[in-house]
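One structure below.
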């Protein structure tokens, strides 16, 4: 994925998104409702890079600058809907029946931060610190990336089943 795709996705909601909100969502300080896996770490993104990206998207007719902030145009929405189609189908097709528990060391702080952001984007909910519940059958690319960034050994996966005990 690219910065361009991620910015379009953030502005996809239809709401006007300010520059500051776009920046906060890229870094992961705010959740993004329609987000596919981003492999880019935006922690140190330069302000000029983001401004240039927004300008280019505007020039291509994919984004519009309104008084309240940035919004995706029809052309931009069509483009991003195609890319998000797989993700939306994934979210709808599974129940919340996977529990992920992790204890990632401080030396992998950035990866831990990234993981939390991605779990939210995959439809997981926080049960308690480092304990998440969400849809089973995680995307294969997601598991491969966890292994690639060397945090897979710190995660435990459990099947969850709701039972009426009363």
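Please treat every number below as a calculation from the coordinates, not as lab data. Computed from a prediction, not measured in an experiment: that's the story for all the values here. Virtual Cβ from ideal backbone geometry, glycine too; neighbours counted across all protein chains shown.
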Estimated distance in nm for a label pair at residue 164 and residue 55, the labels positioned 7 Å out from Cα along Cα-to-Cβ: 6.2
Test of understanding: what is the full-extension gain from residue 140 to residue 4, defined as 0.36 nm times their sequence separation minus their Cα-Cα distance? 46.6 nm
For the range 94-159, state the semi-axes of the equivalent ellipsoid (square roots of 5 times the eigenvalues of the alpha-carbon gyration tensor), sorted largest first and rounded to whole angstrom. 18, 13, 10
Could the peptides 110-117, 45-52 be put in order, highest first, of the mean number of other beta-carbon atoms found within 10 Å of their residues? 110-117, 45-52
According to a simple spin-label model (label point 7 Å from Cα along Cα-to-Cβ), what is the distance in nm between residue 68 and residue 152? 4.4
